[in-house]
Amino acid sequence: MTSLKRSKVKFKKDLFEILDEETTIDFMVTDAVWAKAKVPKGNRKVNLWLGANIMIEYTFEEARALLTKNLENANTNLAVFVSEF
């Protein structure tokens with residue numbers, strides 16, 4: 001859940017900073033490996049890694065909705081687990 005929260009916070013923070021100019025970002029490839037990517041000016045899409053060798057392109061709005069829903073589900077599942085434990 002930590003990486004999900006971190007992704008959502010980073011997404012919200014950087015979203016509007018990259019819309020109007022070309023920028024270079026760092027992204028996590030694995031826990032210990034980071035890479036750089038150039039994001040073109042006016043980019044309005046992101047690619048999210050879903051696991052099982054699946055990556056899908058989303059608009060910012062779709063990605064934000066998906067990350068929000070996943071975070072809510074993770075928090076709900078954690079609360080159920082803690083209450084049953």
Which residue pairs have Cβ atoms under 7 Å apart, sit 6 or more places apart or on different chains, and have a first residue in the range 37-54 that is under 10 Å from Thr23 (Cα atoms) and a second that is assigned to a strand (DSSP E or B) and among the hydrophobic types (A, V, I, L, M, F, W, C)? Ala37/Ile25; Ala37/Phe27; Val39/Ile25
For the subset of the range 48-85 comprising residues that are surrounded by fewer than 12 Cβ atoms within 10 Å (Cβ to Cβ) and of a type in the set (D, E, K, R), which member is nearest to Met28 (Cα to Cα)? Glu57
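Bear in mind these aren't lab numbers, they're just calculated from the coordinates by the rules spelled out. All figures in this text were calculated on a predicted structure; none of them were measured in a lab. Cβ: placed from backbone, ideal geometry, glycine included. Neighbour counts: every protein chain shown.
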